[in-house]
Amino acid sequence: MTTLTSASSSSPSSIQTLMRALILSTKMVFSKWPYVAIAGVVATGFWIIFNVFDQLLFFSPVLFFYLPGDGTIDFIISNITAILMGLIVSMNVYVLVQSKKLKVVWR
């Protein structure tokens, strides 16, 4: 069994172990639909917030979306950030729910 000794280690076995752990944790969390729903709601909320702050999405006087030519990179980065925020919040909720089920004995 291989163990990760440091984050800067670039041996193939440590990268494979890290990838397996990432895939396993993602499957564990997102196999239940409430966590998929949480991720979707959070990602949608952050997408709206980021696009309003970047002045790409307007609500007044009507709902309007405008993407200028020089804003493409910012739009892609805000989309990736919103999706990752949804994933992270959903995974953190999963950890909190699972940690409440653990029985901790204090001595």
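The values are calculated or read from the model by the stated rules, or taken from the named source; none is laboratory data. Source: prediction; values computed, not measured. Every residue, glycine among them, receives a Cβ derived from its backbone with ideal geometry; neighbour counts consider all protein chains shown.
Of everything listed in (1) loosely packed, with under 15 Cβ neighbours inside 10 Å; (2) part of a helix (DSSP H, G or I), the single unmet condition for Pro61 is (2).
Assess whether Lys27 counts as being loosely packed, with under 11 Cβ neighbours inside 10 Å and at pLDDT 90 or above.
Working: loosely packed, with under 11 Cβ neighbours inside 10 Å: yes; at pLDDT 90 or above: yes.
Yes.
It is to be established whether one or more residues within region 90-97 are exposed (fewer than 14 other Cβ atoms within 10 Å of the Cβ), among the aromatic types (Phe, Trp, Tyr) and either in a helix (DSSP H, G or I) or touching a helix residue (DSSP H, G or I) at 6+ places or on another chain (Cβ under 9 Å) (or both). Looking for residues that are exposed (fewer than 14 other Cβ atoms within 10 Å of the Cβ), among the aromatic types (Phe, Trp, Tyr) and either in a helix (DSSP H, G or I) or touching a helix residue (DSSP H, G or I) at 6+ places or on another chain (Cβ under 9 Å) (or both), one finds none in region 90-97, hence no. Pairing residues of region 30-56 that are at positive phi with residues that are modelled with pLDDT under 95, at Cβ distances under 9 Å and at least 6 apart in sequence or on separate chains, gives Gln55/Tyr66; Gln55/Gly71.
Among the criteria (1) over 29 Å from Tyr35 (Cβ atoms); (2) part of a helix (DSSP H, G or I), the one Ile76 does not fulfil is (1).
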